[in-house]
1. Which longest uninterrupted range of the chain lacks any GluC sites (Glu not before Pro) assigned by DSSP to a loop state (not H, G, I, E or B) and surrounded by at most 12 other Cβ atoms within 10 Å?
2. Magnitude of the Cβ-charge dipole of the range 48-190, K/R +1 and D/E -1, about the Cα centre, nearest 20 debye?
3. Excluding same-chain residues fewer than 8 positions from Lys161, which lysines have a Cα within less than 28 Å of its Cα?
4. Looking at the chain, what % of its DSSP beta bridges pair antiparallel, to the nearest 5?
5. Name the shape class, rounded, prolate or oblate, that the alpha-carbon gyration tensor gives for the chain, where a ≥ b ≥ c are the square roots of its eigenvalues, rounded holds for a/c under 1.5, and otherwise prolate holds if a/b is larger than b/c and oblate otherwise.
6. Quick check on the chain: helices-only [θ] at 222 nm, where DSSP H runs of length 4 and up contribute -39,500 (n - 2.57) each and the sum goes over total residues. Nearest 500, please.
7. Placing +1 at every Lys and Arg Cβ and -1 at every Asp and Glu Cβ, with all other atoms neutral, what dipole size does the range 1-126 have around its Cα centre, in debye to the nearest 20?
8. Between 0 and 90 degrees, rounded to the nearest ten: what's the tilt of helix 128-144 against the longest Cα principal axis of the chain?
Amino acid sequence: MEINTAGYLENVRFIPSPNYDERPPGCDISLLVIHNISLPPNKFDGNSVIELFTNQLDPQAHPYFESLRDLRVSSHFFIRRDGEIIQFVPCMLRAWHAGVSNWQGKERCNDFSIGIELEGSDALPFEPIQYDQLIALTISLLKAYPITDIAGHADIAPTRKTDPGPYFDWGRYHRGFSSDDIHQHVQVGR
C-alpha cells in the first residue's frame, strides 16, 4: 500500500465525501484516530455507512437513522468486515471524524489527524483481515506523514465516545508492526 503525494491510497476505491474542508495552514498530520462504526448499530451488511459519509442516508430506512438526519461526518478511510478499504477524503484535507476532541492539550483533533473507521461495534470482535488491513494502512500512513501518536476515538473524546471499543485488540494491532515499520517515537494506543 502506498499513499501518493495528493493524499490518496493507491489501488483502493475512492468515494468522495462532501464532508471535509481544508486543514489549518502549517498544521502537520501527527495523530491517527481509530474508530468503529456500524449502521444500524451492530449490523454490518449494506451500504449505510457509505451513505452516511456521502449525505445519502435515508432517515426513514431504519428507526435509528432518524437520529442521524442532519449529521455531517466523514472519515479518511473505512475498513469493511471483509477487509475492503474505501477512502472518502484525501489525507491532505480535514475529514470530519473526531468532533469535539482533545489530544494531549490540543483541541480540534480533526485539524491534525487522520481518521480510520473499522466496520464494527463495541459488542463484537473485529475480523482478522481488518487488523491486517489496518496494520498495512497504518504503515503506509507512517511512511507518508509525521505521525507521532495513534489513539482511539474514546481517547480523544472520552466523555462522548467509546470506540474502537472493548473488542479492539490494541496488543494485536501493536504486534503487527516490526521495529522498521513504526518509528520509535510513535505512541500506539493503550
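1. Here the longest segment lacking exposed loop sites spans 11-190.
2. Computed charge dipole of the range 48-190: roughly 380 debye.
3. Lys43, Lys106
4. Close to 35 percent.
5. Rounded, because the longest to shortest axis ratio a/c is under 1.5.
6. Taken over the chain, the calculation gives -4500 deg cm²/dmol.
7. Charge dipole of the range 1-126: 140 debye, to the nearest 20.
8. Approximately 50 degrees, to the nearest ten.
Each reported figure results from applying straightforward, stated rules to the coordinates on display, with no laboratory input. Keep in mind that this is a model prediction, so the values were computed, not measured. Using ideal geometry, Cβ is built from the backbone for each residue, glycine included, and neighbour counts are taken over all protein chains shown.
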